[in-house]
Amino acid sequence: MTVSRTSAALSVPSFVVGAARVALGALWLMEGALKYRAGFGWADIGFVIQGAATNSRVPGYFALFADTVMRPLHGFFGFATPLLETALGIALVLGVLTRASAFISVLTLLLYWSADQLIWEYPVMVALSVVVIAWPVAARALSISAIAERRLSRLSSAPAPVRVWF
């Protein structure tokens, strides 16, 4: 059996972009698991809020957000942060809501950077997110969404601009 150049060329980007999606998901799963194991909660959000008020590297818009939104809801943020990270990881590894998950990934990482919470994984995670956002069809080619689309005619008949978000 021979493989045409066209199908080989199409399979490489799908594999590469799919691998980027799964790697991004794995990094989010590690972040969420780390926070769960460490007992991340409202006290940790308190450190972020305090840092936003006293750290000159934190932009004013984030200091305002931390004081007016995060401070009154610190318990929610303490619970929701590891939950969001874990949910992003699961969605990306499985390939469910791939483009939306990658977009939320970028926004979350920008929020972390604004809080001056930068670790080495974050730039890598943004780069992987951008790859998934830029090539959404290739990112979801090997995913639960693609399998469901092949099995369910309702998803297949959805307009392409809608399908790329799954």
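Nothing in this text is a laboratory measurement; each read-out follows from the coordinates by a stated rule. Because the structure is predicted, anything quoted here is derived from the model rather than measured. Note that we place each Cβ from the backbone using ideal geometry, even for glycine, and neighbour counts take in every protein chain shown.
Filtering region 110-141 to residues that are closer than 21 Å to Phe47 by Cβ and surrounded by fewer than 20 Cβ atoms within 10 Å (Cβ to Cβ) leaves Leu110, Leu111, Tyr112, Trp113, Ser114, Asp116, Gln117, Leu118, Ile119, Trp120, Glu121, Tyr122. What do you reckon, is Thr54 among the hydroxyl-bearing types (Ser, Thr, Tyr) and either on the phi > 0 side of the Ramachandran plot or out of contact with any Pro (no Cβ under 7 Å at 6 or more places or on another chain) (or both)? The answer is yes for Thr54. Among the residues of region 92-126, those identified as touching a helix residue (DSSP H, G or I) at 6+ places or on another chain (Cβ under 9 Å), of a type outside the set (A, V, I, L, M) and without any contact (Cβ under 8 Å) to a residue 12 or more places away in the chain are Tyr112, Trp113, Pro123.
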